[in-house]
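Step one of this worksheet: look at the structure below.
The values are calculated or read from the model by the stated rules, or taken from the named source; none is laboratory data. Treat the numbers as computed from the prediction; the structure is a model and nothing was measured. Methodologically, a virtual Cβ is constructed for each residue, glycine included, from the backbone with ideal geometry; neighbour enumeration extends over all protein chains shown. Note: areas computed on protein heavy atoms with side chains; ligands, DNA, RNA excluded. Shrake-Rupley method; radii C 1.70, N 1.55, O 1.52, S 1.80 Å.
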Amino acid sequence: MKPIALADWLQQWLNTGSGEPAYRQLYRLLRQAILDGRLPSGVRLPSSRELARDLSIARNTVIQVYEQLAIEGYVHAASGKGTFVEDTSQDTVDSASSAAWGDHAQATGESNRGLSMRGRRLMDRLGFSRRQYGAFMAGLPDVAEFPAKAWLRIQNKHWRSSPGRLLSYAAAGGYPPLRQAISAYLNSSRSVNSKAEQVVVTTGIHQALDVATRLLCEIGDTVWIEDPSYWGLRNLLISSGLNVEPIPVDGEGIRPSQRDLRRPPRLIVVTPSHQYPLGMVMSLARRRMLLDYARKHGCWIVEDDYDSDFRYESRPLPSLQGLDSAGQVLYVGSFSKTMYPGLRIGYMVVPERIAPAFASAVAELYREGQMMTQSVTAEFVREGYLSSHVRRVRNLYAQRRALLIDAIRSHYQDSLDIIGDEAGLHLVLALPDHVDDVEICRQAFDRGIMVRPLSDYYLIKPRMRRGLLLGYAQVQQEQIGPAFRILASVLDAHIAEGQHPAPGVSAPAGRT
Ligand SMILES: Cc1ncc(COP(=O)(O)O)c(C=O)c1O
């Protein structure tokens, strides 16, 4: 982008009436332009005097922004020559690579023309796949196991009785008996502390986060996400115009640095019961730290509890929301994993003082419906069908998980680590740093196997670990071994490639 085009572009986005300081807006826009390649490495930025004049802002503001960008490594100043954009490709994941595996929708440059900057950023890193079944697609339950007969019986009853009122738009916040049933279910199974009025029915976790960002954040506010994290929510936040800060995780969950802690975000999105995708559980000490920090700095926490009903070695863990005495946590979940994803019914438990606003917002923004489905779901949950279904499939998934672990172990012995297999619907097969997990996924896809590359879940490149997410819950037992052997044939070639053993030295056992 030429300096003059840069000033024009910035002018479009700077909004002096927004309440966000000009310094902050300019910093955010320049950083974003560097990260998404609009300002490629080596480009000289306009001088602070020129840019201040073109944007009608104080020169000191521009100088301050340039200094901040230099501290963070996005630009460097060459004395007497100007300020130049640094090469940041080492720091962020190449968006093209994250959009390039599998068969998910590829938005072309042509079709992106005319989109907003937010729209283009979303198209640059799409994560969804057109195929939503098959070995080893992560994040899917076995929908064939859903007790369709019981569901149909309840549904028929509701249609026969008085469907009229259930066929209209829904009351704000969802069908009241469903809010009641969800509250009771979560209080007993997840140690959530809720009243029915705090429950807002949504179409899933995605919609819950969407409404939370609209009601709680201004455009440009900072939101912390775990790095690595689920691409769906990450992209939702990025395309909402928020400043997404990827915070590292360790064995105890999200771990902000002292530097991060000095700049409190507006929102913190975490998966405390089962970090996605690595699978660790947030320790009690980290939970307390996070709650304390959020209370002191007025941050909101979104607890994404997407799959904690499936824990194989121990009981499911109590929620973070249950520990929150200050009303800072919004608990979000859905029936996507416990019933079936296409149902599109989720829920949020919102602190009491803001719950009416959330119920109204969902009605206003999305014009709620599905009352018939919500009434059937309410009875399904209230009468215990959900709990017994979860108990039954948990045993089935445990068997499939064991079969997959056996298949991995018998091929690779202990040479590859298995991570995060204690809970959920997938595990992570860790790979050596030299292998290209994105390429492996592409090749596996061509052979009919769906796996996701672990590296794709990271935003900060130096933190990136290589591995594969393997979903096992929806793979029939008899398919697990054969499907894994196909995957292993792709994997073996990649693992062997980087090893190049010297003549006469054999590769480590199980790796060839
Ligand atoms: C961590 C995480 N959060 C949220 C979701 C999406 O949930 P929903 O179907 O309720 O929108 C997923 C889906 O796989 C997920 O993995």
_Regarding region 140-156, can at least one residue be identified that is surrounded by fewer than 21 Cβ atoms within 10 Å (Cβ to Cβ), within 14 Å of the ligand (Cβ to nearest atom) and either within 26 Å of A398 (Cβ to Cβ) or without any contact (Cβ under 8 Å) to a residue 60 or more places away in the chain (or both)?_
yes
*Going by the structure shown, is E67 of a type in the set (D, E) and either open to solvent by less than 60 Å² (accessible area, probe 1.4 Å) or modelled with pLDDT of 75 or more (or both)?*
yes
_Taking the criterion of being over 30 Å from L178 (Cα atoms), open to solvent by 70 Å² or more (accessible area, probe 1.4 Å) and assigned to a helix (DSSP H, G or I), would at least one residue in region 417-436 satisfy it?_
no
*Could you figure out which of (1) closer than 25 Å to V244 by Cβ; (2) part of a strand (DSSP E or B) isn't true of D456?*
(2)
*So R59 clears everything in (1) open to solvent by 20 Å² or more (accessible area, probe 1.4 Å); (2) modelled with pLDDT under 85; (3) of a type outside the set (F, W, Y) except one condition, right? Which one?*
(2)
*Across region 312-368, what is the total count of residues that are in contact with a helix residue (DSSP H, G or I) (Cβ under 6 Å, 6 or more places away or on another chain) and within 11 Å of the ligand (Cβ to nearest atom)?*
9
*Counting only residues that are within 23 Å of the chain's Cα centre (by Cα) and touching a residue at least 60 places away in the same chain (Cβ under 8 Å), give me the helices (runs of 4 or more DSSP H) lying completely in region 273-384 with at least 2 of them.*
355-366
_Residue check for T271: at pLDDT 95 or above, within 22 Å of H206 (Cβ to Cβ) and away from the ligand (no atom under 15 Å from the Cβ)_ = no
*Quick one: count up the residues across region 387-405 that are open to solvent by 30 Å² or more (accessible area, probe 1.4 Å) and under 13 Å from L470 (Cβ atoms).*
2
*in contact (Cβ under 8 Å) with a residue 12 or more places away in the chain, within 16 Å of the ligand (Cβ to nearest atom) and not assigned by TED's automatic domain parsing to the domain that holds L404: does that describe L186?*
yes
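Please work out which residue is farthest from the ligand (Cβ to nearest atom), limiting yourself to region 221-238 and to residues that are hydroxyl-bearing (S, T, Y) and in contact (Cβ under 8 Å) with a residue 60 or more places away in the chain.
S229
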*asked:* Is it the case, given these coordinates, that R295 is basic (K, R) and surrounded by 21 or more Cβ atoms within 10 Å (Cβ to Cβ)?
replied: no
*Collect the residues in region 470-491 that are more than 19 Å from Y133 (Cβ to Cβ) and of a type in the set (V, I, T), keeping them in residue-number order.*
V490
_Failed item, numbered, when Y66 is tested on (1) in contact (Cβ under 8 Å) with a residue 40 or more places away in the chain; (2) touching a helix residue (DSSP H, G or I) at 6+ places or on another chain (Cβ under 8 Å)_ = (1)
*Of all the residues that make up region 396-416, how many are touching a residue at least 60 places away in the same chain (Cβ under 8 Å), among the small types (G, A, S) and in a helix (DSSP H, G or I)?*
2
_Looking only at region 248-266, how many residues end up being in contact with a Ser or Thr (Cβ under 7 Å, 6 or more places away or on another chain), open to solvent by less than 10 Å² (accessible area, probe 1.4 Å) and of a type outside the set (G, A, S)?_
1
*Would you confirm whether any residue within region 451-460 is in contact (Cβ under 8 Å) with a residue 12 or more places away in the chain, aromatic (F, W, Y) and under 14 Å from F484 (Cα atoms)?*
no
*May I ask you to say which residue of E379, E364 is under 28 Å from A181 (Cα atoms), among the charged types (D, E, K, R) and open to solvent by less than 30 Å² (accessible area, probe 1.4 Å)?*
E379
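Based on this model, can you work out whether G232 counts as at positive phi and assigned by TED's automatic domain parsing to the domain that holds P265?
For G232, the condition - at positive phi and assigned by TED's automatic domain parsing to the domain that holds P265 - is not met.
Being open to solvent by 70 Å² or more (accessible area, probe 1.4 Å) and modelled with pLDDT of 95 or more is the filter here, so list the residues in region 158-185 that pass it. Even if it seems obvious, please write down each step before you answer.
Residues of region 158-185 that are open to solvent by 70 Å² or more (accessible area, probe 1.4 Å), as a first pass: 159-161, 165, 167, 169, 176, 180.
Correct list: P176, Q180.
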